[in-house]
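Have a look at the structure below, then the notes.
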Amino acid sequence: MQIPFRVDDILNFLYLIYRLVRDAIQWLLENTIIRANPPLSGRFADVITLLTTLTAILLLLELVSGAKKMLAIIVALGWTLLAVSIVITLHP
C-alpha cells in the first residue's frame, strides 16, 4: 500500500502556512504598532508566530486531555449503570 503523499509534502505545507501567518503578522505590525521602525516588525513577527503556534498546540492538547477525561467519566458511568441494571433485573 502506497501513501498518496510524502512526509516532505506535509512539512512543506505546514511551513507554507507558518510563513503566511508570519507575513500577515509582520504586515500588521509594520502598518500599525511599529510604523516608525519597520525592520523591527520582522523580529517581533517571528516571535509572535512561534508563540501563536505553541499556544495553538497547547490548546489542542488541553482539549484532547479534557475530552479524554469526559470520555472516561462517561465510560465509568455507563459501566456502573450497566452493572446496576443487571443487578436490578436479576434480583427478585
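General remarks:
- Residues Thr53, Thr32, sorted so that the one with the fewest Cβ neighbours within 10 Å comes first: Thr32, Thr53
- Between Ile10 and Asp46, the simple label model (points 7 Å from Cα in the Cβ direction) yields a spacing of 2.7 nm.
- Relative to the current alpha-carbon distance between Ala56 and Asn37, full extension at 0.36 nm per residue lengthens the span by 4.0 nm.
- In plain terms, the residue of Phe44, Phe5, Phe13 with the fewest other Cβ atoms within 10 Å comes first and the most crowded comes last, giving Phe5, Phe13, Phe44.
- Projecting the Cα atoms of His91, Thr52, Tyr15 onto the charge dipole of the chain, computed from C-beta unit charges around the Cα centre, puts His91 farthest toward the positive end.
- Coil-residue trypsin sites (Lys or Arg not before Pro) of the chain, DSSP, other Cβ within 10 Å capped at 10: Arg6, Arg35
- Crossing angle, helix 7-31 versus the chain [Cα axis fit, 0-90 degrees, rounded to tens]: 60 degrees
- The phi torsions of segment 58-69, fed into the Karplus equation with coefficients 6.51, -1.76 and 1.60 and a -60° offset, translate into couplings of 4, 5, 4, 5, 5, 5, 5, 5, x, 5, 5, 5 Hz, rounded to whole numbers, with Gly and Pro shown as x.
- Computed from backbone phi with θ = phi - 60° and the Karplus coefficients 6.51, -1.76 and 1.60, the 3J(HN,Hα) list for segment 73-78 is 5, 5, 5, 4, 5, x Hz; x is used for glycine and proline.
- When segment 7-90 is reduced to its Cα atoms, the Kirkwood hydrodynamic radius in Å: 16.7 Å
- Rounded FRET efficiency, nearest 0.05, which uses the C-beta distance separating Lys68 from Leu20 and R0 of 41 Å: 0.80
No lab work stands behind these numbers, since they all come straight from the coordinates. Since we're looking at a predicted model, the values are computed, not measured. We place every Cβ from the backbone using ideal geometry, glycine too, and count neighbours over all the protein chains shown.
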